[in-house]
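For reference, the structure discussed in these notes is given below.
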Amino acid sequence: MGARAENAEVIVIGGGIVGLAVAWRASQRGLRVTLLERDTAGSGTSSVAAGMLAPVSEVEFGEAGARALELGLRSALLWREFADELEAVAGEPVGVLSTGTLMVARDADEARELERQLSFRGALGLRAMRARASEARELEPALAPTIRLALELPDDHSVDPRLALAALRAACAAGGVRVREQACVTRVVGEGGAVSGVELEGGERVLAPAVVVAMGAFSAGLNGVPERVPVRPVKGQTLRLRDPAGPGLLRRGVRFEDGYLVPRADGRYVLGGTVEERGFDQTATAGGIYELLRECHELVPGVSELVIEELCVGLRPGTPDNLPAIGPSALSGLVWATGHYRNGILLAPLTAELVVGLLTHSGGEERLLAACDPRRFAEAGSGRAAAEGLRERRGGRAAGVGAGR
């Protein structure tokens with residue numbers, strides 16, 4: 001098939017929350033946008049996410065953890081305005097709950113770990129309050145009387161991703177974004193060192209001078225790009241539950257060692273947390289769900305009375321350092337917006353701002369972009385390759401000496 005002119009200035013590949021947010025913000029800046037989605041926009045991993053806006057509870061030790069925290073805190077601050085604006089444009093709710101999160105320990109070992117986590121967050125200037133078992137049960141009476149300790153994190157909230165995705169689709173439609181579904185992009189097309197469009201399965205080419213890759217876990221399979229961004233799928237299983245009695249079992253999200261239970265405003269809950277390196281396998285397993293239910297029941301016994309509505313499997317897009325890849329490619333006009341791992345929902349507003357800034361050449365946020373630079377993987381790969389080459393050369397010299405004897 002030949003090339004197809006869409007009269008677009010930007011092609012966004014991927015219709016998850018990141019792709020939709022980028023498309024909406026780009027259209028607001030006056031750009032003509034076509035969004036290409038391999039399945040149905042809003043139906044992938046974003047739709048099965050718990051929707052935690054939780055940079056404080058997600059923070060990890062180390063340099064990469066510090067960079068992820070900065071990104072998460074910045075995007076969390078954007079979420080309220082993002083949600084309000086989205087609701088006004090789309091005329092649909094987004095489902096933000098600003099009720100905080102509890103991290104809960106069920107035994108002495110987990111309590112000691114929570115104490116360590118409390119000190120860590122205090123050193124970073126994050127709000128985290130120690131709550132004894134009785135205090136935690138005053139906050140959330142549904143918690144089991146056997147819990148040992150909790151941390152209250154008042155600045156971690158949640159959003160309903162399905163509502164947010166529906167609102168983003170409506171906002172994109174209102175903004176003139178052309179959404180093409182069942183449009184699987186296989187290759188980026190470039191000419192003279194600059195992007196000129198993409199090629200779909202079947203050979204059709206769609207043309208535009210700028211392309212944003214927001215393909216999540218499928219990003220590494222894209223052909224025609226000059227650098228490899230090592231995004232891998234990390235499987236996560238979740239249960240969607242409903243309380244027949246309506247809302248009230250929990251107000252806050254509850255996080256435990258290997259999972260979380262996140263409430264919705266209508267009496268529904270998302271129970272999740274499995275992290276499985278299974279490639280693109282999306283089968284649900286009895287073992288994974290059993291472990292989630294067993295551990296959650298020890299902390300929130302009332303979970304056993306909830307009705308199972310749906311069993312979901314998603315593929316988180318992970319990178320070697322668990323930081324996203326947001327920034328320009330060596331191919332002029334190509335921009336990466338992928339690799340958000342467990343924080344795609346949280347980072348969607350910030351990612352959209354960063355990407356649209358690159359598309360419009362408006363500058364700013366250089367430090368944040370440096371932390372997410374996709375080219376860091378090529379540089380790391382070059383360093384590893386050089387070290388391996390040096391070892392091989394040293395090994396070759398040693399072998400040569402031995403052979404000459």
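Odds and ends about this structure:
- Label point at GLU113 placed 7 Å out along Cα→Cβ; residues across region 291-327 whose backbone nitrogen lies under 20 Å: 291-301, 322
- Relative contact order for the chain: 22 percent, from Cα pairs under 8 Å spaced at least 6 residues apart, divided by residue count.
- Net length gained if the chain between ASP258 and THR146 were fully extended (0.36 nm per residue, minus Cα distance): 38.5 nm
- Calculated diffusion of the chain, Stokes-Einstein form, Kirkwood radius summed over Cα pairs, 37 °C and 0.692 mPa s, µm²/s: 146 µm²/s
- Potential extension, GLU366-ALA170 segment - 0.36 nm per residue separation minus Cα distance: 67.4 nm
- Database remark: amide H of ALA183 closer than 5 angstrom to the amide H of GLU37, ARG38, ASP39 (H placed geometrically; neighbours at sequence offset of 5 or more, or on other chains; Pro and chain starts carry no H).
- Computed extension gain for GLU92 through VAL307, at 0.36 nm per residue and net of the alpha carbon distance, reaches 74.8 nm.
- Separation in nanometres of the label points that stand 7 Å from Cα toward Cβ, at ARG375 and SER134: 6.0 nm
- Site pair ARG80 and LEU124 shows an inter-label distance of 2.1 nm when each label is modelled 7 Å from Cα along Cα→Cβ.
- Ranked from largest, the principal axis spans of the Cα set of region 179-254 equal 61, 26, 21 Å.
- The label-point distance for THR186 and HIS297, in a model that sets each label 7 Å from Cα toward Cβ, rounds to 4.8 nm.
- Phi to ³J(HN,Hα) by Karplus 6.51 cos²θ - 1.76 cosθ + 1.60 over region 361-373, Hz, x for Gly, Pro: 6, 8, x, x, 6, 4, 5, 5, 5, 5, 5, 9, 4
- Cα-based helix-to-principal-axis angle, 161-174 vs the chain, degrees rounded to 10: 50 degrees
- Here's how it looks for LEU149: its modeled amide H is under 5 Å from those of ALA105, which are all 5 or more places away or on a different chain.
- Report summary: the helix-based calculation at 222 nm, which adds -39500 (n - 2.57) for every DSSP H run with n ≥ 4 and divides by the residues of the chain, gives -12000 deg cm²/dmol.
- Sparse-neighbourhood loop sites, chymotrypsin sites (Phe, Trp or Tyr not before Pro) in region 19-115 - DSSP loop, at most 13 other Cβ within 10 angstrom: PHE61
Bear in mind these aren't lab numbers, they're just calculated from the coordinates by the rules spelled out. Because the structure is predicted, anything quoted here is derived from the model rather than measured. Ideal geometry is used to build each Cβ from the backbone, glycine not excepted, and the neighbour counts take in all protein chains shown.
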